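The values are calculated or read from the model by the stated rules, or taken from the named source; none is laboratory data. The model shown is predicted, which means the values in this text are computed figures rather than measured ones. As a convention, Cβ positions derive from the backbone with ideal geometry for all residues, glycine included, and neighbour counts pool all protein chains shown. Please note that ligands, DNA and RNA were not included when accessible areas were found on the heavy atoms of the full protein model with its side chains. Shrake-Rupley method; radii C 1.70, N 1.55, O 1.52, S 1.80 Å.
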Amino acid sequence: MRAVFVDANDTLAAVTDKLLASQKLPVSINRNPSIKPDDLPGLLGDAEIMIVDHTAVPSAIAETCKALKHVVFLGTGARSYMNPEELAERDISVHTIKGYGDTAVAECAIALMWASAKSFGEMDRGMREGNWLRRDAVQLTGKTLGLIGFGGIAAEAARMAAGCGMKVIAWNRTPKTHPGVEFVSLEKLLAESHVISLHLLLNDETKGFLSRERIAQMRPGSILINTARGAVVDEDAMFEALRSGHIAHAGLDVFTVEPLPAGHALTKLPNVTLSAHSAFRTPEASDNLIGAALDHCRRIIATGK
């Protein structure tokens, strides 16, 4: 069996080269991150394993990859790029990677929270244009951070926020406990949080989770942070809430359509801080990610599953 990393950018290709130097695995690397789904059959050839970072894998295309039996997706959000159930019907297993960037993504969420609270992005843009643009800030010490969804990333964000002197509350779809975190109803979290940070996996149950109705239940003037997936939020309702001031500021690393199209409505709002789906992009997280992907390949080659 052999594997092909089909869409490696320069950073991930270098990490893969580094890790492969110390282990013998039949993994080849395509160093063009701009491939299209139609390119996949030619790139894979007779390879049984595909490692994929960001390229969509339509079921109909996967079916034409005659040897393909395993897709190793670099992250947890495979459903944004493929349909695992449809692939399973074609005897193709999808493997995801959890926990590799918990600290990196949590740091991004906290950084976006601070940038939003202090209007750094807006002031930076104004000063570059020659305007001495001063904005009043939100003092976060003593404020309440509400975490919607509570896995490894949210646990790291809770640790960091507590160190900033914030009260941390959380809601999770299944009961959980965590030191220093009060788990509350979703209604209470929406009403009481000065900052809400989203940490939900995207699936059929969570698509549009932060709906127009739930946005209306948020504390007026609160800050919204999303480092999860764009589609967990009703983007149109969020835009309207930002324009009206019901949401004072949003710090967003993810969007319904990525890359964010030029001239997108969100780019026109002064009270939005934008990041290009880069929360996980640290050397430490990349090492963890590729290491886990190669572990998947090693296991599949050894066991066939």
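Looking only at residues in the stretch 278-297 that are touching a helix residue (DSSP H, G or I) at 6+ places or on another chain (Cβ under 7 Å) and polar (S, T, N, Q), the one that is nearest to Ala14 (Cα to Cα) is Ser286. The set of residues in the stretch 185-207 that are within 15 Å of the chain's Cα centre (by Cα) and in a loop (DSSP other than H, G, I, E, B) comprises His199, Leu200, Leu201, Leu202, Asn203, Thr206, Lys207. Applying the criterion of being polar (S, T, N, Q) and surrounded by 18 or more Cβ atoms within 10 Å (Cβ to Cβ) to the residues of the stretch 194-236, the residue that is farthest from Lys143 (Cα to Cα) is Thr206.
Look at the stretch 253-269: where a residue is open to solvent by 60 Å² or more (accessible area, probe 1.4 Å) and a partner is among the acidic types (Asp, Glu) and in a helix (DSSP H, G or I), sitting 6+ places away or on another chain with Cβ atoms under 6 Å, you get Thr256/Glu235. Candidates are the residues of the stretch 117-133 that are in a loop (DSSP other than H, G, I, E, B) and under 16 Å from His249 (Cβ atoms); the one that is most open to solvent (accessible area, probe 1.4 Å) is Leu133.
Filter the stretch 52-88 down to the residues that are in contact (Cβ under 8 Å) with a residue 12 or more places away in the chain and over 21 Å from Asp39 (Cα atoms), then identify the one that is most open to solvent (accessible area, probe 1.4 Å). Out of the qualifying residues, it is Thr76. Each residue in the stretch 203-234 was checked for being modelled with pLDDT under 95 and under 21 Å from Trp114 (Cβ atoms), and 0 of them qualify.
When the stretch 142-154 is limited to residues that are surrounded by fewer than 19 Cβ atoms within 10 Å (Cβ to Cβ) and within 26 Å of the chain's Cα centre (by Cα), the one that is nearest to Asn203 (Cα to Cα) turns out to be Gly151. Of the residues examined, Ala237 is one that is under 30 Å from Glu85 (Cβ atoms) and either at pLDDT 95 or above or not in a loop (DSSP other than H, G, I, E, B) (or both).
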